[in-house]
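Worksheet: the structure to be examined is printed underneath.
The values are calculated or read from the model by the stated rules, or taken from the named source; none is laboratory data. Since we're looking at a predicted model, the values are computed, not measured. With ideal geometry, Cβ positions are generated from the backbone for all residues, glycine too; neighbour counts draw on all protein chains shown. With ligands, DNA and RNA removed, areas are computed over all heavy atoms of the protein, side chains included. Shrake-Rupley method; radii C 1.70, N 1.55, O 1.52, S 1.80 Å.
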Amino acid sequence: MNFCIFSYNRGRFLDNCVKSIEDCAPGSRLVIYDDQSNDPETLEVLARQESRHVVIKSESKSTNKHGGLYHNMQTALESCPKDELVCFLQDDTQLVRQIADEEKSAIHERFERDTTLGFISPAFIRNSSIKRKGAGAYIYDLSSQLYYWQDSQRSAGVYYSDIFVTLPKRLTQNNWRFVMGEPANEQQARGMFTKMGYLPSPFLMWLPNSLAYRGKKKTISLKIAERVNRCGFYPFAYMTSHEVNKLADMADTPPVAEDCLQLLFGPLPKPWIFNPLQKNRILRLTNKIELFFNRLAGQ
């Protein structure tokens with residue numbers, strides 16, 4: 001399996017993400033796509049990683065809130081071996097356990113068997129999704145041995161997520177091109193593929209309560225939200241063999257991150273937060289207003 005990491009100005013997170021791949025999927029091809037980072041710590045990490053892995057520095061000048069993410073994802077897709085699995089992930093994610101060769105083969109076979117399958121999610125399910133919609137939000141399909149999200153009204157996550165495993169030839173054969181934003185890519189995937197499958201035994205997850213960027217700059221609202229939510233660097237401990245075996249035996253229970261993973265240090269209140277703004281409507285609104293005026297000012 002190949003790994004493509006998309007990163008911007010989070011050197012400590014990037015280091016952790018790379019190390020988790022080296023530890024849990026040794027020998028994998030790993031490419032880092034950097035979105036013009038300018039933070040000294042991140043630049044030092046990138047320079048160090050260049051001695052072991054391929055580092056591609058974006059030339060995109062996008063001022064969109066996603067920066068050059070989707071441009072970089074398209075570049076990565078066009079560069080990947082077309083008949084080998086690839087995992088797209090971001091610097092605030094981490095592999096949490098070893099990936100066995102037979103698991104990779106099984107995922108590859110799922111794509112070969114189902115030519116309408118575009119994406120598989122390798123990530124754990126967030127507790128907040130289960131709390132909002134109940135345990136029936138994800139249904140396990142015995143034939144494909146994957147979970148599927150049942151809420152067709154979601155803006156993303158039913159057919160597409162920015163964190164995924166795919167077979168590149170599946171996307172290129174359907175003339176897939178990444179567009180700006182998860183909801184837009186969700187709609188595109190909805191018209192091309194069947195629902196995105198969720199692995200019953202995931203191998204990666206977003207780090208909770210992470211520091212974030214929107215539009216490559218932190219608004220005052222985002223800074224406040226990060227402070228309120230104790231945002232910082234909270235990596236996961238690798239799963240023990242007992243925890244991995246227990247996870248494999250839970251095929252009838254959606255794999256929720258908070259139930260299966262342990263933080264290397266913490267603790268943090270549960271459910272974990274994966275977007276600093278997700279629990280505060282006022283800060284979400286003021287953040288949008290700040291971003292709007294920043295764009296008007298050409299910042």
**OP:** Pick out, from region 68-172, the helices (runs of 4 or more DSSP H) lying fully within it that include 2 or more residues that are at pLDDT 95 or above and either under 17 Å from the mean Cα position of the chain (by Cα) or not polar (S, T, N, Q) (or both).
**Re:** 69-79, 101-113
**OP:** Determine whether region 10-32 contains at least one residue that is in contact with a Gly (Cβ under 9 Å, 6 or more places away or on another chain) and of a type outside the set (Val, Ile, Thr).
**Re:** no
**OP:** Determine, yes or no, whether Pro200 is part of a loop (DSSP other than H, G, I, E, B) and surrounded by fewer than 21 Cβ atoms within 10 Å (Cβ to Cβ).
**Re:** yes
Subject >> Unmet requirement for Thr194, which otherwise passes all of (1) in contact (Cβ under 8 Å) with a residue 60 or more places away in the chain; (2) in a helix (DSSP H, G or I); (3) surrounded by fewer than 19 Cβ atoms within 10 Å (Cβ to Cβ) >> reply: (2)
Original post:
Of the residues in region 203-217, how many are surrounded by fewer than 18 Cβ atoms within 10 Å (Cβ to Cβ) and part of a loop (DSSP other than H, G, I, E, B)?
Top reply: 2
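A quick yes/no check of all residues on (1) aliphatic (A, V, I, L, M); (2) open to solvent by 10 Å² or more (accessible area, probe 1.4 Å); (3) within 22 Å of the chain's Cα centre (by Cα); (4) over 18 Å from Val96 (Cα atoms):
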{"site": "Met239", "(1), (2), (3), (4)": "yes, yes, yes, no"}
{"site": "His242", "(1), (2), (3), (4)": "no, yes, no, no"}
{"site": "Asn245", "(1), (2), (3), (4)": "no, yes, no, no"}
{"site": "Ala248", "(1), (2), (3), (4)": "yes, yes, yes, no"}
{"site": "Leu283", "(1), (2), (3), (4)": "yes, yes, no, yes"}
**OP:** Please give the number of the condition Ile224 fails out of (1) under 18 Å from Gln278 (Cα atoms); (2) without any contact (Cβ under 8 Å) to a residue 40 or more places away in the chain; (3) open to solvent by 50 Å² or more (accessible area, probe 1.4 Å).
**Re:** (2)
